[in-house]
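Here's the structure, in structure tokens; my notes come after.
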Amino acid sequence: MEKIDWQNRFLAFKGDKLIADGKQLEVALKLKAEGAEPALRRGEILLFAGADGRQIDLHLSGNELDIERRYGVPPQLESAAPIVGSAEDASTGKKPRGRPKLGVIGREVTLLPRHWAWLDTQRGGASATLRRLVDAERKASVDSDSRRASQDRANRFMSAMAGDREGFEEATRALYASNREGFEAASATWARDIRRMAQSMAADAFIES
């Protein structure tokens with residue numbers, strides 16, 4: 001099954017049928033063009049964020065330009081780099097004095113004395129060591145994090161769109177057991193678009209460790 005990047009993908013369903021699929025702005029403009037506002041207000045159209053499978057709302061008031069302003073992301077904001085230093089530094093071209101600002105966020109960390117003692121002996125000091133440890137753990141847990149996110153995403157979508165359908169409980173158990181065959185068998189009788197989207201959302205739940 002094709003692997004899909006769900007982070008910026010949104011779905012709109014009317015009954016069993018998928019009527020819009022794409023980025024948030026694309027879905028909003030399509031629904032606006034089709035005059036879907038009354039159906040949205042009546043709850044006849046359900047909207048989902050692919051990132052986590054949760055139901056969302058879209059506000060389609062105004063014209064297309066209003067919607068673009070509401071849901072579009074200006075290109076300069078996507079690629080903008082953080083500004084380091086003061087306005088004076090930027091205007092004169094001088095490099096700011098002191099340690100560079102790397103976008104770090106200061107928060108309290110509570111450790112036992114032996115932990116602090118060990119950190120104090122590490123290269124770069126405590127903060128640098130903690131960052132390395134966190135990055136290493138993040139890399140090590142990529143597959144398990146992806147699996148859990150896929151399971152939760154698919155489960156939320158399934159609960160809304162297939163919660164009263166035959167095979168829902170079996171499909172949910174198979175989803176969290178990482179049982180692809182069981183999941184596909186349990187969802188086989190669902191409407192085509194619901195089954196296809198549920199299986200796509202669940203794809204990473206079946207990756208091998």
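Restricting to the range 16-36, give me the number of residues that are surrounded by 13 or more Cβ atoms within 10 Å (Cβ to Cβ) and either farther than 28 Å from W190 by Cβ or touching a residue at least 40 places away in the same chain (Cβ under 8 Å) (or both).
Residues that pass the stated criteria total 7.
Please state which of the following conditions K94 fails to meet, knowing it meets all the rest: (1) at pLDDT 70 or above; (2) more than 30 Å from T129 (Cβ to Cβ); (3) surrounded by 11 or more Cβ atoms within 10 Å (Cβ to Cβ); (4) out of contact with any Leu (no Cβ under 8 Å at 6 or more places or on another chain).
All conditions are met except number (1).
Scanning the range 48-73 for residues that are in a helix (DSSP H, G or I) and either hydrophobic (A, V, I, L, M, F, W, C) or under 26 Å from A162 (Cβ atoms) (or both), which turns out farthest from the chain's Cα centre (by Cα)?
L65
Identify, by number, the condition in (1) surrounded by 12 or more Cβ atoms within 10 Å (Cβ to Cβ); (2) among the polar types (S, T, N, Q); (3) modelled with pLDDT of 80 or more that T129 doesn't meet.
Unmet condition: (3).
Which ranges mark the helices (runs of 4 or more DSSP H) fully within the range 139-208 that have 1 or more residues being under 15 Å from the mean Cα position of the chain (by Cα)?
So the answer is 142-162, 192-201.
The values are calculated or read from the model by the stated rules, or taken from the named source; none is laboratory data. Note that the coordinates shown come from a computational prediction; the quantities given were computed from them, not determined experimentally. Every residue, glycine as well, gets a Cβ built from its backbone with ideal geometry; the counts of neighbours run over all protein chains shown.
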